[in-house]
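Step one of this worksheet: look at the structure below.
Rule-based calculations on the coordinates, nothing more; no lab input. Everything quoted here is computed from the prediction, not taken from an experiment. Please note: Cβ atoms are built from the backbone with ideal geometry, for glycine as well, and neighbour counts cover all protein chains shown.
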């Protein structure tokens, strides 16, 4: 069988982020859940069972943590776009989806957030 799509993902990545426009949100960081999916050319699928031959999940996690905790964000959309900009620096990523969600905003809602998707031209 021929592999048509090769995707990697990070789901449920929860970190404390200074984010929001309301006064109560500026008093301290709040929990933010981040999900990222990247699509890589199937030709880059590792042919051997060796970490050196594949994309490093640690890089995604470390870069997102560095970016998200580096300053205050007014909007989730801004953070999602900045994460996408970091991902776009990696030439092997053909497509990416970034989703952010605040799980603690409303007592009767699981989460509020945004999702953006981009494909390399």
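Once you have the Kirkwood Rh of region 64-110 from its Cα pairs, apply Stokes-Einstein at 20 °C and 1.002 mPa s and quote D in µm²/s.
After rounding, the answer is 175 µm²/s.
Distance from the Cα centre of region 87-111 to that of region 10-64, in angstrom?
Comparing the Cα centres of region 87-111 and region 10-64, I get a distance of 8 Å.
Hey, of [x] 15.5; [y] 15.0; [z] 16.6, which did the structure itself give for Kirkwood radius over Cα pairs in Å when calculated?
The listed entry that was calculated here is [x].
Would you calculate the separation in nanometres between label points at residue 95 and residue 109, each defined as 7 Å from the Cα along the Cα-to-beta-carbon direction?
2.8 nm
Before anything else, pin down the relative contact order of the chain: Cα pairs under 8 Å, at least 6 apart, normalised by residue count, whole percent.
Answer for the chain is 27 percent.
Quickly estimate the mean residue ellipticity at 222 nm for the chain, helices only: each DSSP H run with n ≥ 4 gives -39500 (n - 2.57), and the total goes over all residues, rounded to 500.
Result for the chain: -7000 deg cm²/dmol, rounded to the nearest 500.
Given 0.36 nm per residue, what is the gain on full extension from residue 67 to residue 1 after removing their alpha carbon distance, in nm?
Full extension of this stretch gives 19.9 nm more.
Between residue 37 and residue 75, what FRET efficiency comes out of the Förster formula 1/(1 + (r/R0)^6) with R0 = 22 Å and r the beta carbon distance, rounded to 0.05?
0.55
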